[in-house]
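Structure first, then comments.
The values are calculated or read from the model by the stated rules, or taken from the named source; none is laboratory data. Everything quoted here is computed from the prediction, not taken from an experiment. Reconstructed Cβ throughout: ideal geometry from the backbone, glycine too, with neighbour counts over all protein chains shown.
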Amino acid sequence: MDALRDGDPRQVGPYRLEGRLGAGGMGEVFLGVSAGGRRVAVKVVRGEHLSRPEFRVRFAREVAAARRVGGFYTAQVVDADPEADVPWMATAYVAGPSLREAAPLPLAEVGRLGAALAEGLAAIHASGLVHRDLKPGNVIMSPDGPRIIDFGIARAVGAGSLTADGAVLGTYAYMAPEQVLGEPSGPPADVFALGCVLVFAARGRSPFDAATIPAIVHRVLNEPPGLDGLAGPLRPLVTACLAKDPAARPGTNQILAHLADPGSAPVAAARPAGEYAARPAGEAADRTVERGTTPFTRVVGAVRPAAGTPRRTVLAGAAAAAALGVPAFLLTRTGGSPRAAPSATSGDAMLPPAMTLAKDGQPVGKVAFSPDGRILVCGGMRGETVYLWDPAAGHVIHELRAPAGVAAMAFSPDGKLLATGHANATVRLWDVESADTRPPRRLRTLSGGEGGAVDALAFSPDGRILAGPNRLWDTATGGVLGDLSGAEGVNSVVFSRDGRRVMAGIDGFQGRAEPGSVRVWDARTRNPIAHVADQGKKTSSLALTPDGRTLVTAGGGAAIRLWDASRVRITGVLDSGRTGDVTEVAVSADGAVLAAAGTDLTVRLWDLATRRVTATLAGTGGPIRGLALAPDGRTVASGSQRRGQAAANLWRLR
């Protein structure tokens, strides 16, 4: 316990405060004493949240949830006033350190802890609730048995996920895959968290521990847990609890039976009928809504930056939360603006998507904004549909047939044409001039020659020429203007600002130890002008600043290269600090912001003037595929590799 600070209250309700027990994203916890000498833990809503009605609602919900829970292994509510000027709640004071401070424990004690926590979760679930934030910091190791505390994000069984309310809360290292993805999560999510807590109790770290939030997310979604140090009956129990599929996890009754008699109770058997309903893994998240004839799924956890935050700085609550040791992410969609963490401007903070647009289908690998920012186009190599989304309203406007998968897409500068490249060596041109009022019309199909998938497309500044990975077309007639000499292994293509040159990023030559390169052609003659080797094994992505002076390239390493576009020479290198490769880059329409996606599941934003990282965006749903900046520079979009969904993540910037 710490001493009270200047500015801390000395009295809350009938309780005199004697010290500080802890703090979280929503409230601070004090040791209080009643007039009769009874000690209680008093939780008080933070002052900065008092003007925001949604925090009062959430706190009242926490009080109601905590009051509903019985059982020896939870801290009981003894008094509360959620309607007070400063809302507060008092629970029975449980003396002892948290599990976070007490771990690691001997394996025999871990088993007893598991039984106690399973009993506590059974009491919570029997009250019709899901805790949703079981972690070492929320387990108090009392001398007479552990207690589960903090029902700040508890929800009724069967209630929509928190994203449906506009909030994404929890601590990633202890969150089940369905919770990480923003999907509905019930008691199986608490069982997954229990498995993580038991591993922490034995090892002193989470089974999905990693250096960054995106790395943790990747491990939770895609990798087996780290179970070193677990042996005997605990190992199969924890393995079953940590199943990726919620339907494969045991119920609390099975956990208790296994711990009581490990030899007689299977831990991976089907749950008893009626204990709670299982949802098939990968089922669409949140709610499906009808708008016209188009069903769509919207997963929301929207974020509003603090007033006065520079446009190139993104609000990120996770770093502040992590620094306090509290649940990562309290990001709200309605009312007020969360305070920006001090580290947000340094790029250390992690910002989850403000919104995920999702619909049943194949994962998205390509995204593009229309020049006016009113349409976001999504598609992927494994799907046969191009989706046109309204990114503001969050619903699909149109669906276009795209056989053989979508390998590339680009809008004409005037926004009237959309070009989509496909795996069958064709390009389709669509009239999208009035896409908000009528379906796009396919104008013509262009032949991509014998180069395989058309995985790179760019319009000339006047919109009259379309460049692919190996040839140019006349957009008015669809005729081939000519092939680009030596265009092999092209991954990305752009026109110079005056439209006279075509620039492409190229793989190293197949079968040889050649580096990647940047190649330039004369757009009129299609003859090569320059071919400059890069240090990476490939140049997977490139972008040109609006003034036409700087070419940005990435691929084959963690560095981002800046080129003098006219002289085709490297003038600077940005060290991304990643553990993996930078795969895609994009530049805002004003040339101020550079976005760079990587294999570490993040998108990092750079201020091109200062060459500093301003924020790091945490992706969800696996590797990031596709990257686009809205023309106004206020929204970043990427494809999401969600199972069974055509999904795109959106981050809102100031």
May I ask you to verify whether L418 is of a type outside the set (F, W, Y), at pLDDT 95 or above, surrounded by fewer than 23 Cβ atoms within 10 Å (Cβ to Cβ) and within 19 Å of W473 (Cβ to Cβ)? no
Could you please find all residues in the stretch 503-512 being modelled with pLDDT of 50 or more and part of a loop (DSSP other than H, G, I, E, B)? G508, F509
For the subset of the stretch 115-154 comprising residues that are among the small types (G, A, S) and within 12 Å of T171 (Cβ to Cβ), which member is modelled with the lowest pLDDT? G152
Out of all the residues in the stretch 68-90, which are free of Cβ contacts under 8 Å to residues at least 40 places away in the same chain and under 33 Å from the mean Cα position of the chain (by Cα)? P82
From R442, R471, R526, residue being charged (D, E, K, R), in contact (Cβ under 8 Å) with a residue 12 or more places away in the chain and outside the structural domain of A404 (by TED's automatic domain parsing): R526
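So which residues in the stretch 566-595 are of a type in the set (G, A, S) and either closer than 15 Å to T212 by Cβ or in a loop (DSSP other than H, G, I, E, B) (or both), if there are any at all?
Result: S566, S576, G577, G580, S588, A589, G591, A592.
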Selection from the stretch 193-219 of residues assigned to a helix (DSSP H, G or I) and either in contact with a Pro (Cβ under 6 Å, 6 or more places away or on another chain) or within 20 Å of L105 (Cβ to Cβ) (or both) yields A193, L194, G195, C196, V197, L198, V199, F200, A201, A202, R203
Tell me, please, whether a residue that is of a type in the set (K, R) and either modelled with pLDDT under 90 or farther than 21 Å from R501 by Cβ (or both) can be found in the stretch 554-570. no
In the stretch 607-627, anything within 19 Å of the chain's Cα centre (by Cα) and not in a loop (DSSP other than H, G, I, E, B) is listed as V613, T614, A615, T616, L617, A618, R625, G626, L627
